[in-house]
Amino acid sequence: MSVMRELTFFLGLQIHQSESRIFICQTKYTKELIQKFGMSNAKSIGSPMSPSTTLDKDEQGISVDKTKYHGMIRSLLYLTASRSDIMFSVCKCARFQSALKESHLTAIKQIIRYLIGTTSYGLWYPHSNNFKLEGFKMLILQVTRKTEKAQV
């Protein structure tokens, strides 16, 4: 511990620092995940889940191996630490871990196919004191406006 250097890798997170911002990603982990689940040769797609996708219990569907599905879910949940773009899709799939069907596995594979084309995505944090989380701010304003309209 006598030589302290700039942090570049911590618990699977790759950290790139510059004068104006910090970038956190899991590129190496994402590539390993894709290879681990045998999807290296799969074609990438543009979104983690189609807006028309509706997952349900699918009681008529074909059952699948729980061990593989649980491993995929665990890996993807860990990846959400730096990939908020897949958070909704992964959590939606995680709901069906007790009664797994082929349709659920297909949804997970679609998320992994999305990762193939977006391995270098991550989070940017500026060094500025004026940092504002705009997406959250916009959401609060929209909810506040809807509440105000409902009260009128």
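The values are calculated or read from the model by the stated rules, or taken from the named source; none is laboratory data. Please read these numbers as outputs of a predicted model, since none were measured by experiment. Note that we place each Cβ from the backbone using ideal geometry, even for glycine, and neighbour counts take in every protein chain shown. With ligands, DNA and RNA removed, areas are computed over all heavy atoms of the protein, side chains included. Shrake-Rupley method; radii C 1.70, N 1.55, O 1.52, S 1.80 Å.
Some points to look at:
- Available extension along the chain between residue 20 and residue 106 is 26.9 nm, counting 0.36 nm per residue and deducting the alpha carbon span.
- Summed residue charge, Cβ within 14 Å of residue 15's Cβ, Lys/Arg positive, Asp/Glu negative: +2
- Ranked by solvent-accessible area (1.4 Å probe, protein heavy atoms only, all chains present), the residues 91, 25 order from largest to smallest as 91, 25.
- Built from the Cα atoms of segment 16-58, the convex hull projects on average onto 5.7 nm², one quarter of its surface area.
- Cα gyration tensor shape of segment 1-134, rounded if a/c is under 1.5, else prolate or oblate by comparing a/b with b/c: prolate
- Entries of 28/66; 36/101; 31/101 with Cα pairs more than 24 Å apart: 28/66; 31/101
- Taking all protein chains together and rolling a 1.4 Å probe, residue 98 ends up with roughly 100 Å² accessible.
- Gyration tensor verdict on segment 48-110 (Cα atoms; rounded if a/c is under 1.5, prolate if a/b is larger than b/c, oblate otherwise): oblate
- Per-residue SASA remark: residue 102, around 90 Å² accessible (1.4 Å probe; ligands, DNA and RNA not included).
- Distance in nm between pseudo-label sites at residue 66 and residue 47 (7 Å out along the Cβ direction from Cα): 3.3
- In this calculation the C-beta distance from residue 59 to residue 91 is compared with R0 = 30 Å, giving a FRET efficiency of 0.90.
- Filtered trypsin sites (Lys or Arg not before Pro), segment 11-43: DSSP coil and at most 14 other beta carbons within 10 Å: 43
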